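Student: Quick one: the structure is below, and I'll ask about it shortly.
Read-outs throughout are calculated quantities, based only on the coordinates presented, and are distinct from any laboratory measurement. On a predicted model such as this, the values are computed, not experimentally measured, just so you know. Neighbour counts run over all protein chains shown; Cβ positions are idealised from the backbone, glycine included.
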Amino acid sequence: MKPTSCFLLILILLLQLMIPGYAQCSLDSIVDKKIKEALTGLELNTIPAKKISCTSIFSSGRLSSCPAGMVVTGCACGYGCGSWDIRGETTCHCQCSTIDWTTARCCHLT
């Protein structure tokens, strides 16, 4: 019985090695490696790097607007209000009934 068990185990292992999925994985890894090698020789930094500049604009009331050339990336509202929306890409609007201040986070790429 012991030789039969060993033979079956070896047969199962050999069959797993012959399954196309295993060979495909190694082929995929070889192709990925060759693509990465080819790309390392290319210069990919032809576009100049951009820098993001941001500032916060604090206003009394429920509206806060960004300066020209900047867009809103986030808002904060007074009295713990978490309900707000952005109007026209440049203005924060706090939606709660009682608001004492609104802050707009404004950014632009340089």
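Student: Using the Karplus curve 6.51 cos²θ - 1.76 cosθ + 1.60 with θ = phi - 60°, work out ³J(HN,Hα) for each residue of the range 63-79 in order, rounded to whole Hz, and write x for Gly and Pro.
Tutor: Per-residue couplings from phi come out as 10, 9, 10, 7, x, 4, x, 10, 10, 6, 10, x, 9, 9, 10, x, 6 Hz.
Student: While we're here: Could you tell me which chymotrypsin sites (Phe, Trp or Tyr not before Pro) in the range 69-110 are loop residues by DSSP with no more than 16 other beta carbons within 10 angstrom of their beta carbon?
Tutor: Those satisfying the criteria are 79.
Student: Using amide H atoms built in the peptide plane, which far-off residues or other-chain residues are under 5 Å from residue 90 H to H?
Tutor: For residue 90, whose amide H was placed from the backbone, the distant partners under 5 Å are 72.
Student: Can you tally the net charge around residue 65? Count Lys and Arg as +1, Asp and Glu as -1, for every other residue whose Cβ sits under 14 Å from the Cβ of residue 65.
Tutor: Overall, the nearby charge balance is +1.
Student: Next question, about the same structure. Once you list every other residue whose beta carbon is under 13 Å from the beta carbon of residue 95, what net charge do they have if Lys and Arg are +1 and Asp and Glu are -1?
Tutor: +1
Student: OK, next. How about the range 34-110: which GluC sites (Glu not before Pro) there lie in a loop by DSSP and see at most 11 other Cβ atoms within 10 Å?
Tutor: 43, 89
Student: At 7 Å along the Cα-to-beta-carbon direction for both residue 30 and residue 59, put a label point, then send me their distance in nm to one decimal.
Tutor: Using points 7 Å along Cα→Cβ, the separation is 6.3 nm.
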